[in-house]
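Participant: Quick one: structure below, then a few questions.
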Amino acid sequence: MGIGKTVVYYGSSEGHPLEMSMTKPEPLFKSLKRHFKENELEGLLQCPALVASTHNTYVINAPLDLKIVLKGSGAAYSYATTRKGDDFELGKWNTKEGKNIAQWLGDGFITFFAEESTILTSTPPYLHTNKIYGISGSFDIGRWFRSLSFASRCSEPIVIKEGEPMLYIRFDKPVELKRVTITEELRKHVKACLDFKGPHRNKPLSYMYEKFVQSKKRLKVLKLLREQL
């Protein structure tokens with residue numbers, strides 16, 4: 001483990017259609033150097049405030065060409081676009097947050113868990129694009145176990161090319177990322193968290209964290225993850 005770094009496990013659910021095409025989260029500064037060079041914006045990297053804002057922050061890039069389309073009232077369909085230009089349906093996500101909110105790949109595409117209390121904050125990739133915007137979130141990936149989902153305000157189809165950013169994730173401390181597989185046994189613990197949240201949806205996250213730790217699920221999840229190293 002890197003000196004002073006917290007180990008953070010990440011991975012796709014075993015058997016997920018995009019499991020093998022998921023790439024390691026990329027440091028934001030590295031991604032911006034490439035993006036700004038392509039768009040003749042390198043001068044922005046001379047700004048200390050901008051550079052400081054990239055610390056402990058990573059980019060989750062699209063594993064392939066994607067299209068997200070809202071249909072009806074609150075039903076978001078995600079498609080993979082094949083080389084022939086055909087749309088392969090990846091899933092449907094019904095959202096109760098509003099008819100103009102699209103969510104995608106919340107089905108176990110990527111999940112994080114930390115060796116110790118670690119706050120993960122997700123934000124739209126605002127330094128790269130304005131296609132995805134308006135939705136952010138934060139939770140303790142050392143005391144709660146669930147997959148990330150991607151979301152945006154959406155008034156028209158969102159088209160994301162392979163390798164383009166879908167999300168920024170910022171940790172509240174330096175981390176060392178280690179890839180694992182979210183096995184069937186681990187998915188049971190993800191499901192347990194989601195099922196528990198349903199009837200307790202009005203409780204604060206601190207309550208969820210407390211119950212997760214008290215139930216010994218945190219230790220069980222860590223044991224299963226460490227066995228893969």
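The values are calculated or read from the model by the stated rules, or taken from the named source; none is laboratory data. Remember, it's a predicted structure, so these values are computed and weren't measured experimentally. Positions of Cβ are backbone-derived with ideal geometry, glycine not excepted, and every protein chain shown enters the neighbour counts.
Participant: Going by the structure shown, is P165 touching a His at 6+ places or on another chain (Cβ under 8 Å) and either buried (at least 16 other Cβ atoms within 10 Å of the Cβ) or not basic (K, R) (or both)?
Facilitator: It is true that P165 is touching a His at 6+ places or on another chain (Cβ under 8 Å) and either buried (at least 16 other Cβ atoms within 10 Å of the Cβ) or not basic (K, R) (or both).
Participant: Can I ask one more? Scan segment 195-214 and report the pairs whose first residue is not polar (S, T, N, Q) and whose second residue is not in a helix (DSSP H, G or I), with Cβ atoms within less than 7 Å and a gap of 6+ or a chain change.
Facilitator: Short answer, once both residue conditions are applied: L205/F139; M208/W144; Y209/D140; Y209/R143; Y209/W144; F212/R143; F212/W144; V213/R143.
Participant: Of the residues that make up segment 155-163, is at least one under 24 Å from A75 (Cβ atoms) and modelled with pLDDT of 95 or more?
Facilitator: no
Participant: Same structure again: Only residues that are assigned to a loop (DSSP other than H, G, I, E, B) and among the aromatic types (F, W, Y): list them for segment 144-169, please.
Facilitator: W144, F145
Participant: Looking only at segment 51-62, which residues are without any contact (Cβ under 8 Å) to a residue 12 or more places away in the chain and closer than 15 Å to Y126 by Cα?
Facilitator: Hit for segment 51-62 is S53, nothing else.
Participant: Which residue, of S149, S138, S215, S206, is modelled with pLDDT of 95 or more and either on the phi > 0 side of the Ramachandran plot or under 19 Å from the mean Cα position of the chain (by Cα) (or both)?
Facilitator: Result of the check over S149, S138, S215, S206: S138.
Participant: Scan segment 1-33 residue by residue and report those that are part of a helix (DSSP H, G or I) and of a type in the set (D, E, K, R).
Facilitator: Those that are part of a helix (DSSP H, G or I) and of a type in the set (D, E, K, R): E19, K30, K33.
Participant: Would you pick out the residues in segment 106-132 that are among the aliphatic types (A, V, I, L, M) and within 22 Å of L225 (Cα to Cα)?
Facilitator: Matches in segment 106-132: I110, A114, I119, L120.
Participant: Among the residues of segment 1-17 satisfying the criterion of being aliphatic (A, V, I, L, M) and modelled with pLDDT of 95 or more, which is farthest from R146 (Cα to Cα)?
Facilitator: Looking at residues that are aliphatic (A, V, I, L, M) and modelled with pLDDT of 95 or more, I get V7.
Participant: Regarding E38, is this residue surrounded by fewer than 18 Cβ atoms within 10 Å (Cβ to Cβ) and farther than 24 Å from R179 by Cα?
Facilitator: When the stated conditions are applied, E38 passes them.
Participant: Would you mind stating whether H16 is surrounded by 16 or more Cβ atoms within 10 Å (Cβ to Cβ) and in contact with a Phe, Trp or Tyr (Cβ under 7 Å, 6 or more places away or on another chain)?
Facilitator: Yes; evaluated as a whole, the condition is true for this residue.
Participant: Could you say whether any residue in segment 50-63 is closer than 18 Å to N130 by Cβ, modelled with pLDDT of 90 or more and of a type in the set (V, I, T)?
Facilitator: Yes, there is a match, as at least one residue in segment 50-63 is closer than 18 Å to N130 by Cβ, modelled with pLDDT of 90 or more and of a type in the set (V, I, T).
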